[in-house]
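This report concerns only the one structure given below.
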Amino acid sequence: MGGCCYCCNCCSLTGIDDAWFRLRTACRRRRNSYKLYLFHLISTAFSILTFSTALTLYLVVWSQMSSVSEDCTVTPALTNKDFKNYTLTNEQAIACDYEPFGAAACELQDLRNVLDFVLVNGVTNAIQLLFSGLLCRTFHYFSNLPQEKMHYGSTSRLISCGGCLAKWCPWVGRSLHLFQIVILWTIWGIMTDNTCRGELALTYNCANFEEGCGYNKLKNCQFYYTFCSADETLAQQCFNVDGRSEFSGRMDVRLLSFSTCARCAVLAADKANPIDSDEFWLLDEEDRYDPSVYPCSQALDTCFYTTEAVWSTIACDCPDFKNYLNLTEDTVSTWWTARSASCSRRLEGQHKQSQEVFRDGAKTEEILPDQMLVDVETDAADMPGFSKRETEMSLPDDPWGWRMEEAASRRRREEAGRPDRGLLGLGLDSQACSWAPQSISEFFFPSGACHQAGSFVYRLGLIYVYLSGSLMIVTIGVGQTVRVMCSTEPWFFSPSV
């Protein structure tokens with residue numbers, strides 16, 4: 001019984017002694033060092049948050065902007081008239097169901113300026129994170145270090161290194177804070193200058209179902225240089241107006257067909273066409289039961305029209321495309337057989353031309369589209385149904401009848417004595433929004449789009465500036481408060497003093 005009481009007393013005395021030791025340690029803790037430890041702990045947390053936000057924003061935005069998926073689905077499936085009516089009703093280009101972020105109405109350099117400055121600020125915060133973490137660990141170490149271990153002549157190498165960090169690293173941190181202020185001010189200037197503010201799908205050409213819709217041009221250009229003629233450099237140039245100028249913008253080619261090979265054939269012809277007119281469009285539902293117009297299988301939701309030259313290229317380069325055709329119809333079967341038969345003559349023409357080029361002493365592997373499609377027009381004259389359709393349409397510049405409608409509207413305005421400002425009250429030679437680019441017609445917006453929320457990159461850029469700027473203000477405010485309230489502590493004590 002006595003032994004148990006002795007053990008209990010020992011345990012209770014040990015616990016009391018430990019508690020008393022912790023209390024003395026806390027009371028004797030260097031207050032200023034501990035405050036500096038807390039400040040750098042907060043600075044480290046803010047740097048982690050800012051860096052991770054910048055890196056995520058850069059990777060997400062650039063991956064969404066610079067990449068294009070191979071397939072595009074729109075629910076429900078659209079025909080020619082549906083495509084036009086949807087565009088005019090919503091006053092914007094049709095986007096794929098899983099591509100909701102769109103594109104910004106700005107050139108590649110402007111887009112890179114926004115993202116690159118965000119990334120630079122994020123990298124600066126990563127460096128700030130390193131130094132703040134070192135200072136945090138150093139001041140935490142000094143805040144609990146006994147005074148006798150800091151006497152002159154008895155300090156360890158670890159204490160000396162810690163003292164050096166505690167003396168010089170704060171100046172590095174202040175320099176990094178100053179650099180971040182400059183970067184954030186630059187980003188804020190870019191944002192307030194409305195760089196990349198507009199949504200490309202809401203521009204005048206896209207809202208009016210014009211061939212010059214920059215959004216569809218961008219997607220067609222990216223698709224071509226990603227899946228047809230892979231070239232990463234040219235794919236990035238698609239963000240520039242000049243880089244995508246060779247492609248038409250009435251519709252996204254991915255909505256045309258399920259066959260990637262057929263899409264590439266259509267885009268190659270569209271790119272080679274010097275006239276800014278469509279090489280392809282969807283057919284209407286009333287065309288479905290006319291085999292001379294609608295060659296596709298009845299099981300497909302939609303079908304498309306393109307020139308006989310492009311159909312010949314599809315027949316030669318995409319033999320599997322016949323699986324999408326209604327070959328049970330004699331008209332379609334005869335037409336496709338003739339298209340396929342032209343392949344041998346096209347190959348002979350390529351071989352003959354390559355021999356002539358070689359004899360001239362020049363080597364080349366690229367054959368121009370108009371040289372590849374030998375005798376296509378001659379073959380088209382023998383085709384039932386399709387040659388008639390193409391002859392009647394004569395490769396029109398306005399298969400939708402939209403230019404005729406716009407011309408009629410402008411004529412009515414002129415007769416009424418009103419200035420010619422197009423169907424939406426805006427001419428192609430003016431910009432309705434004061435914040436939008438004034439010199440690039442492809443970025444002109446109708447007046448109804450002036451109060452838009454902004455593009456994906458613009459909105460995220462503003463969010464980042466507000467978040468990073470707020471954290472910077474808090475960090476600087478707390479840092480200056482700690483600096484004023486905390487007097488300098490001697491790191492080394494001399495026992496003779």
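The residues of region 124-143 that are touching a residue at least 40 places away in the same chain (Cβ under 8 Å) and among the aliphatic types (A, V, I, L, M), listed by number, are ALA126, ILE127, LEU129, LEU135.
Pairs meeting the criteria (first residue in region 156-173 and β-branched (Val, Ile, Thr), second residue open to solvent by less than 100 Å² (accessible area, probe 1.4 Å) and at pLDDT below 85, beta carbons under 7 Å, at least 6 apart or on different chains) are ILE159/MET150.
Is it the case that region 307-326 has a residue that's open to solvent by 20 Å² or more (accessible area, probe 1.4 Å), free of Cβ contacts under 8 Å to residues at least 60 places away in the same chain and part of a loop (DSSP other than H, G, I, E, B)? Checked against the condition, which is being open to solvent by 20 Å² or more (accessible area, probe 1.4 Å), free of Cβ contacts under 8 Å to residues at least 60 places away in the same chain and part of a loop (DSSP other than H, G, I, E, B), region 307-326 yields at least one hit. Check whether at least one residue in region 173-193 is open to solvent by less than 30 Å² (accessible area, probe 1.4 Å) and of a type in the set (Asp, Glu), and report yes or no. The answer is no, given that none of the residues of region 173-193 is open to solvent by less than 30 Å² (accessible area, probe 1.4 Å) and of a type in the set (Asp, Glu). Can you name every residue in region 102-127 that is among the charged types (D, E, K, R) and either farther than 18 Å from PHE444 by Cα or outside any helix (DSSP H, G or I) (or both)? The answer is GLU107, ARG112, ASP116.
The one condition from (1) open to solvent by less than 20 Å² (accessible area, probe 1.4 Å); (2) modelled with pLDDT of 80 or more that LEU426 does not meet is (2). If you check PHE258 against the conditions, is it among the hydrophobic types (A, V, I, L, M, F, W, C) and modelled with pLDDT of 90 or more? No; evaluated as a whole, the condition is false for this residue. I'd like the residue in region 195-229 that is basic (Lys, Arg) and either touching an Asp or Glu at 6+ places or on another chain (Cβ under 7 Å) or closer than 13 Å to VAL253 by Cα (or both) and, out of all such residues, is surrounded by the most Cβ atoms within 10 Å (Cβ to Cβ). In this case the residue turns out to be LYS219. Scanning region 444-451 turns up one or more residues that are in contact with a helix residue (DSSP H, G or I) (Cβ under 7 Å, 6 or more places away or on another chain), within 26 Å of VAL60 (Cα to Cα) and not in a loop (DSSP other than H, G, I, E, B).
Considering only residues that are in a loop (DSSP other than H, G, I, E, B), at pLDDT 85 or above and buried (at least 22 other Cβ atoms within 10 Å of the Cβ), which ones fall in region 266-301? Matches in region 266-301: TYR294, PRO295. When ASN194, ASN216 are screened for being more than 26 Å from VAL478 (Cβ to Cβ), in a helix (DSSP H, G or I) and not acidic (Asp, Glu), only ASN216 passes. On the given criteria, is GLN64 open to solvent by 60 Å² or more (accessible area, probe 1.4 Å) and under 25 Å from PRO446 (Cα atoms)? The answer is no for GLN64. Each residue in region 230-265 was checked for being among the hydroxyl-bearing types (Ser, Thr, Tyr) and crowded, with 23+ Cβ neighbours inside 10 Å, and 2 of them qualify. Cβ-Cβ contacts under 7 Å between residues 6 or more apart (or on different chains), taken from a first residue in region 452-477 that is without any contact (Cβ under 8 Å) to a residue 60 or more places away in the chain to a second residue that is of a type outside the set (D, E, K, R) and open to solvent by 20 Å² or more (accessible area, probe 1.4 Å), are listed as ARG459/ALA453. Scanning region 448-471 for residues that are over 23 Å from ALA432 (Cβ atoms), open to solvent by 10 Å² or more (accessible area, probe 1.4 Å) and small (Gly, Ala, Ser) turns up GLY469, SER470.
Only one entry in THR138, THR73, THR50 is open to solvent by 20 Å² or more (accessible area, probe 1.4 Å) and either among the β-branched types (Val, Ile, Thr) or modelled with pLDDT under 85 (or both), namely THR73. Could you tell me whether any residue of region 148-168 is part of a helix (DSSP H, G or I), among the basic types (Lys, Arg) and in contact with a helix residue (DSSP H, G or I) (Cβ under 8 Å, 6 or more places away or on another chain)? So far as region 148-168 goes, yes, one or more of its residues are part of a helix (DSSP H, G or I), among the basic types (Lys, Arg) and in contact with a helix residue (DSSP H, G or I) (Cβ under 8 Å, 6 or more places away or on another chain).
The values are calculated or read from the model by the stated rules, or taken from the named source; none is laboratory data. All values derive from a computational prediction rather than experimental measurement. No Cβ is skipped: glycine too gets one built from the backbone with ideal geometry, and neighbour counts run over all protein chains shown. The protein model used for the area step is the full one, side chains on, heavy atoms only, and it has no ligands, DNA or RNA in it. Shrake-Rupley method; radii C 1.70, N 1.55, O 1.52, S 1.80 Å.
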